[in-house]
Amino acid sequence: MAIRNKAFAALALTSLLGVAACGSTKEDTQKEAAATPAATEEGGAAAGGGEIKEGLKIAFLPKQINNPYFTISDKGGEDAVNAVKGEYKRVGPSDTAASSQVSYINTLTTQKQDAIVISANDANAVVPALQKAKAAGIKVVTYDSDTAPEGRDLFINQAAAEDLGRSQVQLLAKQIGPEGGEIAILSATPNATNQNTWIEFMEDELKKPEYSKFKLVKIAYGNDDDQKSFEETQGLLQAYPDLKGIISPTTVGIAAAARYLQGSDAKGKVKLTGLGTPNQLRDFVKDGTIEGFELWDPGKLGYLAGYAAAALASGTITGAEGEKFTAGDLGEREVGKNGEVLLGPPTVFDANNIDDFDF
Ligand code: RAM
């Protein structure tokens with residue numbers, strides 16, 4: 001059934017749960033940091049001590065540049081970089097292939113950027129290039145979709161992966177009702193670290209007795225390509241005529257699936273939830289194609305990542321657990337386990353609140 005790469009998922013899980021992912025080097029760094037009380041000046045300076053430098057060159061490298069989700073996230077990044085008087089730049093591929101970001105990383109390294117902020121299409125394919133960047137003194141921040149820990153200094157995570165995975169199953173189960181039935185997942189790429197981590201938690205959630213009448217029949221991949229996601233949705237409905245619901249944990253996937261369902265007899269009958277932007281899905285909520293879905297504010301994610309990159313590149317933090325930095329309007333943020341900084345809980349959108357949001 002599942003054609004996913006288990007190794008990537010396991011890697012992501014290990015990293016998330018903090019099981020043995022940290023080598024002694026990192027732990028030593030963390031101990032050192034804990035033993036050195038950071039300067040806690042109130043006001044202007046970063047909470048980790050020291051000033052944010054001006055003129056930092058901070059480059060954003062999303063999974064793909066033509067994805068509306070990343071247009072929003074990276075605008076937040078640009079706002080942060082402008083606020084710290086840095087030089088913002090944005091480059092990236094238009095496809096989500098595993099290695100499509102490598103040449104961009106190499107160019108940014110040659111250009112001597114101070115920091116690269118990347119949402120990785122693959123946990124491992126980009127690591128050698130990122131390690132070269134790090135060796136050249138460039139700080140690496142992942143946001144949205146992580147790399148293996150050795151590829152970056154910090155990961156800015158949108159929300160707790162476990163909550164995101166479980167809550168999407170809970171949303172769909174509520175919409176389908178106690179009779180349950182066959183369900184499917186329409187994901188992004190087979191290698192996407194973020195989607196694979198969430199899917200692990202979805203599968204775990206489905207093992208609970210309350211879902212005994214639900215059966216996950218297929219995980220399909222639309223590769224965050226609108227047309228492919230549309231066709232995969234059509235394929236799911238043809239292959240599983242009794243399908244009761246689809247979870248699409250990608251803004252591209254859910255929008256394409258909604259469009260397919262809207263124009264088919266399955267509209268309103270096959271439930272659809274997952275992760276999407278309110279602006280892309282508003283019409284589908286209003287016409288009953290979608291009851292509810294969730295997401296964090298992508299702009300805030302990029303904004304937080306921009307500030308984290310500036311703090312790292314200024315040397316006010318190193319990425320060790322317990323360090324704090326100031327992230328503009330988002331206030332003081334702390335580095336958690338495994339170099340993770342959490343944005344916060346997502347919002348669930350439905351007909352009652354969708355008009356309150358504009359992103
Ligand atoms: C897509 C991308 C991104 C993911 C969102 C929810 O835009 O796959 O990585 O976080 O969906």
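List of remarks:
- Being under 30 Å from V81 (Cα atoms) and either over 16 Å from the mean Cα position of the chain (by Cα) or open to solvent by less than 10 Å² (accessible area, probe 1.4 Å) (or both) holds for only one residue in A161, A220, A239, A184, and it is A161.
Residue-wise test of (1) under 19 Å from Q64 (Cα atoms); (2) away from the ligand (no atom under 16 Å from the Cβ).
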residue: G137; (1), (2): no, yes
residue: L171; (1), (2): no, no
residue: A184; (1), (2): no, yes
residue: N223; (1), (2): yes, no
residue: D226; (1), (2): yes, no
residue: P241; (1), (2): no, yes
residue: P249; (1), (2): yes, no
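- All conditions in (1) out of contact with any Ser or Thr (no Cβ under 9 Å at 6 or more places or on another chain); (2) open to solvent by less than 20 Å² (accessible area, probe 1.4 Å); (3) hydroxyl-bearing (S, T, Y) hold for T96, with the sole exception of (1).
- Every test in (1) assigned to a strand (DSSP E or B); (2) more than 16 Å from the chain's Cα centre (by Cα) is passed by I105 save one, and that test is (1).
- Residue check for I156: within 15 Å of the chain's Cα centre (by Cα), assigned to a strand (DSSP E or B) and within 27 Å of N223 (Cα to Cα): yes
- Any chance Q175 is open to solvent by 30 Å² or more (accessible area, probe 1.4 Å), within 30 Å of G288 (Cβ to Cβ), assigned by TED's automatic domain parsing to the domain that holds A266 and more than 19 Å from the chain's Cα centre (by Cα): no
- Condition check for N191: touching a residue at least 12 places away in the same chain (Cβ under 8 Å) and open to solvent by 30 Å² or more (accessible area, probe 1.4 Å): yes
- Residue in region 302-311 that is modelled with pLDDT of 95 or more and within 17 Å of A256 (Cβ to Cβ) present: no
- Region 251-261, subset in contact with a Phe, Trp or Tyr (Cβ under 6 Å, 6 or more places away or on another chain) and more than 9 Å from the ligand (Cβ to nearest atom), residue most open to solvent (accessible area, probe 1.4 Å): Y260
- Residue in region 141-151 that is buried (at least 24 other Cβ atoms within 10 Å of the Cβ), at pLDDT 95 or above and among the aliphatic types (A, V, I, L, M) present: yes
- Restricting the first member to region 60-76 and to residues that are touching a residue at least 12 places away in the same chain (Cβ under 8 Å) and more than 12 Å from R90 (Cβ to Cβ), and the second to residues that are among the hydrophobic types (A, V, I, L, M, F, W, C) and in a loop (DSSP other than H, G, I, E, B), the beta-carbon pairs closer than 6 Å and six or more apart or on different chains are I72/F359.
- Unique residue being modelled with pLDDT of 50 or more and acidic (D, E) when the list is E27, E42, E32, E54: E54
- D287 vs. criteria open to solvent by 10 Å² or more (accessible area, probe 1.4 Å) and free of Cβ contacts under 8 Å to residues at least 60 places away in the same chain: yes
- Just one of the listed residues (E332, E340) is surrounded by fewer than 18 Cβ atoms within 10 Å (Cβ to Cβ) and out of contact with any Pro (no Cβ under 8 Å at 6 or more places or on another chain), namely E332.
- Residue count for region 275-284 satisfying the condition of being open to solvent by 10 Å² or more (accessible area, probe 1.4 Å) and within 12 Å of the ligand (Cβ to nearest atom): 1.
- Criterion (in contact with a Leu (Cβ under 6 Å, 6 or more places away or on another chain) and small (G, A, S)) met by exactly one of A125, A97, A136, A161: A161
- Residue selected from region 70-91 under the condition open to solvent by 10 Å² or more (accessible area, probe 1.4 Å) and within 16 Å of the ligand (Cβ to nearest atom), by the criterion farthest from L281 (Cα to Cα): R90
- In this entry, A256 passes the filter for residues that are in contact with a Gly (Cβ under 9 Å, 6 or more places away or on another chain) and not assigned by TED's automatic domain parsing to the domain that holds T326.
The values are calculated or read from the model by the stated rules, or taken from the named source; none is laboratory data. Since we're looking at a predicted model, the values are computed, not measured. Counting neighbours? That spans all protein chains shown, and the Cβs are built from the backbone with ideal geometry, glycine included. Ligands, DNA and RNA are stripped out before the accessible areas are found, and what is left, the full protein with its side chains, is counted by its heavy atoms. Shrake-Rupley method; radii C 1.70, N 1.55, O 1.52, S 1.80 Å.
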